[in-house]
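So the structure is just underneath, and the comments pick up after that.
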Amino acid sequence: MKGTPTLLSLAVGLALASPSLQAAGFSCPADSALTPIPAIQGTGDKSPLVPDGLFESPQSVSVKAVVSALGEGVNKGFYLQDLQGDGNPQSSDGIFVFLNDKNFATKYPGIKPGAEVCLEAKVEEYYNHTQLKPVFDSGTPRLQVVTQGTVPAAVPLRVLEGETLAQALERHEGMRVRLDAGSELKISRNFSFDYAAKRNNLVLSHLAPLVKPTQLHVAGSDQAKALAEANADNRVFLESDVKATDGKLPWLPAWEPEQGYLRIGDAPVNLEALVGYSYNEYRLIVPKEQAITVGDLLRTDEHDRQSAPARTAGTDLRVGSFNVLNYFTSHSSVGGALNVLCADQADADSAKGCNRGAKSLEDFQQQRTKIVNAITEMDADLLGLMEMENNGFDDHSAISDLVKSLNAQQKDASQHYAFVSLPKAMLGQERFFGGDAIMVAMLYRPAKLTPSGDASVILLPEQRYTVGGVAKTAGQRDSLVQSFTVAGSKDPLTLVVNHLKSKGSGCYENGDGKTEPADLQGKCTEFRVSAAKVLGEAVNKLPGQVLLVGDFNSYAKEDPIRVLTDYAPASSDRKIRSASHTFIGEQAYEQLGQEVGKSYGLVDLNVKFNQAKAISYSYEAELGTLDYALANPALAKKVVAVADWHINSYESNLFEYGRGFTGDMIKSDNPFSASDHDPIIVDLKLQEPSKDGGGGAMGALLLALLPLAWRRRHIS
């Protein structure tokens with residue numbers, strides 16, 4: 001039944017004072033006086049024995065059934081199974097008996113799987129979770145172990161045609177079920193820490209992993225709302241009954257980062273669990289004796305780990321984008337410079353200070369190794385980065401550290417990287433790129449690309465406003481722009497690296513900053529729209545071939561991306577608006593938010609090439625893309641392939657470099673879980689086909705030969 005908090009948080013305090021298995025004077029009544037479990041569960045979402053408006057049945061019932069499992073962690077008590085049932089698949093044959101006693105297993109050794117138990121209890125809708133609460137006599141439950149027998153067989157879990165996963169779980173509430181190939185439950189959120197329940201678990205969905213509604217449908221549309229509702233009914237948490245030790249997955253002992261990994265899309269089979277409900281979610285609770293092997297994970301080649309895609313035939317330049325999850329060097333054990341927000345070294349070393357990245361040399365080295373290995377395998381000639389520490393561009397900076405480490409791993413000097421730096425006049429204190437602890441950055445291979453002039457910045461809007469007499473601001477990270485000349489291409493190539501305002505940030509339109517907007521786009525959408533307008537105006541003035549990459553914090557059908565690509569105001573039922581109280585530098589931009597009157601015609605390359613498979617991020621068991629490659633028309637026709645490399649979004653974040661919740665797990669140097677965003681890779685064919693000079697002028701012939709000579713000198 002649908003419910004809210006845990007069974008533990010609001011326990012009713014049924015303290016068991018005696019280990020006796022039978023209250024004085026209690027004996028199991030005749031069968032005719034017993035109430036079958038299916039009659040208690042009923043066919044609805046609550047017990048028919050609990051009147052509307054009440055949480056407990058007025059009268060007690062007597063029940064006799066067989067113990068199918070003990071609850072020793074998530075739920076304390078035991079599960080009963082009615083072996084006869086009523087033949088109606090819509091009513092559950094199982095139910096949970098709640099005993100709030102951490103020593104239950106030792107006090108009542110006779111209550112174990114296979115035992116036939118008779119008890120008198122009240123039927124309780126504990127936050128709409130149907131359970132039995134034993135009646136007590138002087139601290140002893142009215143309960144009797146009748147006999148010991150065999151453990152009831154688990155029922156294969158099936159979602160019937162025309163029903164949701166939630167409905168299937170409801171009709172199995174309290175029952176022991178078995179996951180097999182016919183269950184068709186796939187991992188939709190990988191194993192990680194669940195902050196609501198304060199324990200490690202993962203999420204399954206029926207048939208396929210869930211997709212973010214605004215990835216597929218326009219924000220605010222009926223289709224987006226319908227998919228959000230469908231997703232809510234198509235998820236179940238899978239967790240061990242006993243709280244998992246950090247770095248361990250009790251029901252998969254072989255779980256580790258190299259050979260024992262889980263991936264989104266995997267289907268665990270041969271696993272038995274009890275159907276429960278807490279923290280507003282259905283849960284499959286795995287008893288402590290249950291375990292499966294890696295061979296019990298059904299996995300398609302599509303969802304398995306892959307190497308980085310090979311360059312597509314005809315490619316002469318590869319461009320990438322990668323959010324590197326707070327690559328910070330400012331901790332004292334690492335020895336990098338302080339970032340723009342650091343008050344001092346103590347601030348950088350503090351657990352909640354200005355350093356958002358690694359807090360030890362060991363963690364940083366692990367992070368750097370994974371990031372370097374990932375970038376090396378990507379083999380991009382030009383690469384946009386997000387979440388680099390904003391601590392300068394000298395030898396003590398994070399960007400310098402990364403490039404040195406990258407180049408040390410490149411076997412061929414022609415594959416070495418350099419980083420783009422801005423003129424000091426454009427930097428704060430002649431060192432810092434903007435005012436955030438993180439910045440965007442750009443790497444390129446000098447053997448392939450030659451910077452054309454200095455890098456520049458597109459200043460994105462800032463909000464300044466007053467609430468209750470208190471002055472507030474909200475900022476965005478500015479975008480980095482660099483043009484390059486490419487041998488064989490008559491037009492320059494300009495890369496713009498971006499990282500728009502996050503969905504969890506504060507800004508004017510959020511009000512209290514806590515409530516999630518109903519349109520499913522997260523917080524600060526209007527502020528990101530303002531950034532999209534400024535970006536669109538700026539990039540449409542750039543000559544030649546232009547590519548925008550980065551983390552736009554916007555799913556594919558959300559307002560900011562639509563403004564940059566294909567938003568048509570005249571035919572749109574819902575108008576897109578920008579933010580209020582915005583400034584660009586010291587100049588006012590828009591005092592009041594406005595309806596956006598046009599879009600900027602950029603091409604979403606990932607959607608163009610991969611459609612619904614364009615995925616780079618996983619959040620709350622839903623997949624989508626936040627990371628983009630957006631091209632102007634001049635460049636879009638030069639693209640030969642686009643791919644997300646799923647090294648992060650499909651993986652467990654417990655495999656990342658950080659040690660929180662991972663115990664003594666041995667980390668891996670492989671690129672998987674190097675970050676939380678997948679890199680995006682774009683293959684380009686920029687070189688113009690050579691033309692036969694024929695009887696033309698000698699100058700035209702020489703111009704045609706120059707690119708070939710350049711290639712001989714620079715490409716090995």
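The values are calculated or read from the model by the stated rules, or taken from the named source; none is laboratory data. Keep in mind it's a predicted model, so treat the numbers as computed, not measured. Cβ placement follows ideal geometry from the backbone for every residue including glycine, while neighbour counts extend to all protein chains displayed.
When residue 224 is tested against (1) touching a residue at least 60 places away in the same chain (Cβ under 8 Å); (2) surrounded by fewer than 15 Cβ atoms within 10 Å (Cβ to Cβ); (3) in a helix (DSSP H, G or I), exactly one condition is not met: (2).
Quickly run through the range 28-68 and pick out the residues that are of a type in the set (A, V, I, L, M) and under 27 Å from residue 163 (Cα atoms). 37, 39, 40, 49, 50 - these are the residues of the range 28-68 that are of a type in the set (A, V, I, L, M) and under 27 Å from residue 163 (Cα atoms).
Among the residues examined, residue 156 does not qualify as under 20 Å from residue 287 (Cβ atoms) and in contact (Cβ under 8 Å) with a residue 40 or more places away in the chain.
Tell me yes or no: at least one residue of the range 261-273 is in contact with a strand residue (DSSP E or B) (Cβ under 7 Å, 6 or more places away or on another chain) and β-branched (Val, Ile, Thr). Within the range 261-273 (the criterion being in contact with a strand residue (DSSP E or B) (Cβ under 7 Å, 6 or more places away or on another chain) and β-branched (Val, Ile, Thr)), the answer is yes, since at least one residue qualifies.
The listed residues are 368, 305, 318, 299, and the only one of them that is touching an Asp or Glu at 6+ places or on another chain (Cβ under 8 Å), charged (D, E, K, R) and within 19 Å of residue 616 (Cα to Cα) turns out to be 318.
When the test is whether a residue is within 30 Å of residue 645 (Cβ to Cβ) and part of a loop (DSSP other than H, G, I, E, B), residue 392 passes it. From the list 579, 556, the one residue that fits, being within 16 Å of residue 475 (Cα to Cα), in contact with a Gly (Cβ under 9 Å, 6 or more places away or on another chain), in a loop (DSSP other than H, G, I, E, B) and not aromatic (Phe, Trp, Tyr), is 579. Hey, can you tell me all the residues within the range 157-180 that are assigned to a loop (DSSP other than H, G, I, E, B), crowded, with 23+ Cβ neighbours inside 10 Å and within 27 Å of the chain's Cα centre (by Cα)? Scanning the range 157-180 gives a single hit, 157. Only one of 654, 623 is aliphatic (A, V, I, L, M), assigned to a strand (DSSP E or B) and assigned by TED's automatic domain parsing to the domain that holds residue 371; which? After ruling out the rest, the residue left standing is 623. The number of residues in the range 185-198 being surrounded by 19 or more Cβ atoms within 10 Å (Cβ to Cβ) and either farther than 20 Å from residue 276 by Cβ or without any contact (Cβ under 8 Å) to a residue 60 or more places away in the chain (or both) comes to 2. Each residue in the range 460-476 was checked for being assigned to a loop (DSSP other than H, G, I, E, B) and either closer than 25 Å to residue 342 by Cα or in contact with an Asp or Glu (Cβ under 9 Å, 6 or more places away or on another chain) (or both), and 4 of them qualify.
From the set of residues in the range 435-465 that are β-branched (Val, Ile, Thr) and either modelled with pLDDT under 95 or closer than 21 Å to residue 318 by Cβ (or both), which is surrounded by the most Cβ atoms within 10 Å (Cβ to Cβ)? Spell out the reasoning first.
At the first step, the residues of the range 435-465 found to be β-branched (Val, Ile, Thr) are 438, 440, 450, 457-458.
Add one more test, that the residue is either modelled with pLDDT under 95 or closer than 21 Å to residue 318 by Cβ (or both), and what stays is 440, 450.
Numbers: 440: 27, 450: 13.
Across the range 435-465, the extreme among qualifying residues is 440.
Restricting to the range 199-221, what's the tally of residues that are touching a strand residue (DSSP E or B) at 6+ places or on another chain (Cβ under 9 Å) and not in a helix (DSSP H, G or I)?
We begin by selecting, within the range 199-221, every residue touching a strand residue (DSSP E or B) at 6+ places or on another chain (Cβ under 9 Å); these are 199-216.
Restricting the remaining residues to those that are not in a helix (DSSP H, G or I) gives 199-212.
Selection size over the range 199-221: 14.
Residues 549, 497, 596: which one is buried (at least 21 other Cβ atoms within 10 Å of the Cβ), farther than 20 Å from residue 629 by Cβ, among the β-branched types (Val, Ile, Thr) and under 31 Å from the mean Cα position of the chain (by Cα)? Talk me through it step by step, then tell me what you get.
Working: 549 fails: farther than 20 Å from residue 629 by Cβ; 497 fails: farther than 20 Å from residue 629 by Cβ.
Selected residue: 596, the only one of 549, 497, 596 that is buried (at least 21 other Cβ atoms within 10 Å of the Cβ), farther than 20 Å from residue 629 by Cβ, among the β-branched types (Val, Ile, Thr) and under 31 Å from the mean Cα position of the chain (by Cα).
In this entry, residue 661 is excluded by the filter for residues that are surrounded by fewer than 24 Cβ atoms within 10 Å (Cβ to Cβ) and farther than 25 Å from residue 235 by Cβ.
Residue by residue, here is whether (1) under 27 Å from residue 494 (Cβ atoms); (2) surrounded by 21 or more Cβ atoms within 10 Å (Cβ to Cβ); (3) in contact with an Asp or Glu (Cβ under 6 Å, 6 or more places away or on another chain) holds:
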site	(1), (2), (3)
314	yes, no, no
341	no, no, no
350	no, no, no
357	no, yes, no
375	yes, yes, no
381	yes, yes, no
385	yes, yes, no
394	yes, no, no
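In the range 418-459, of all residues being closer than 19 Å to residue 341 by Cα, of a type in the set (Gly, Ala, Ser) and part of a strand (DSSP E or B), the one that is nearest to the chain's Cα centre (by Cα) corresponds to 441. Does the range 601-612 contain at least one residue that is more than 30 Å from residue 325 (Cβ to Cβ) and assigned to a loop (DSSP other than H, G, I, E, B)? The answer is yes, given that some residue of the range 601-612 is more than 30 Å from residue 325 (Cβ to Cβ) and assigned to a loop (DSSP other than H, G, I, E, B).
Residues that are farther than 17 Å from residue 400 by Cβ, assigned to a helix (DSSP H, G or I) and in contact (Cβ under 8 Å) with a residue 40 or more places away in the chain within the range 323-368 comprise 363, 366, listed in sequence order.
The condition (being in the same structural domain as residue 439 (by TED's automatic domain parsing), within 30 Å of residue 679 (Cβ to Cβ), surrounded by fewer than 24 Cβ atoms within 10 Å (Cβ to Cβ) and at pLDDT 95 or above) is satisfied by just one residue among 538, 531, 588: 538. Only residues that are acidic (Asp, Glu) and not in a loop (DSSP other than H, G, I, E, B) were counted in the range 38-75, giving 2.
In the range 238-297, which residues are in a loop (DSSP other than H, G, I, E, B), over 21 Å from the mean Cα position of the chain (by Cα), buried (at least 22 other Cβ atoms within 10 Å of the Cβ) and among the β-branched types (Val, Ile, Thr)? Residues satisfying the conditions do not exist here.
If we keep just the residues of the range 106-152 that are in a loop (DSSP other than H, G, I, E, B), among the β-branched types (Val, Ile, Thr) and touching a strand residue (DSSP E or B) at 6+ places or on another chain (Cβ under 8 Å), which is farthest from residue 67 (Cα to Cα)? The selected residue is 135. Answer yes or no: is there a residue in the range 451-465 that is assigned by TED's automatic domain parsing to the domain that holds residue 546 and touching a Gly at 6+ places or on another chain (Cβ under 6 Å). Yes; the residues of the range 451-465 include at least one that is assigned by TED's automatic domain parsing to the domain that holds residue 546 and touching a Gly at 6+ places or on another chain (Cβ under 6 Å). Consider the range 69-125 and keep the residues that are within 24 Å of residue 167 (Cα to Cα) and over 39 Å from the mean Cα position of the chain (by Cα). The one that is modelled with the highest pLDDT is 82.
One residue is enough: does the range 327-349 have a residue meeting the conditions of a type outside the set (A, V, I, L, M, F, W, C), modelled with pLDDT of 95 or more and within 24 Å of the chain's Cα centre (by Cα)? The answer is yes, given that some residue of the range 327-349 is of a type outside the set (A, V, I, L, M, F, W, C), modelled with pLDDT of 95 or more and within 24 Å of the chain's Cα centre (by Cα).
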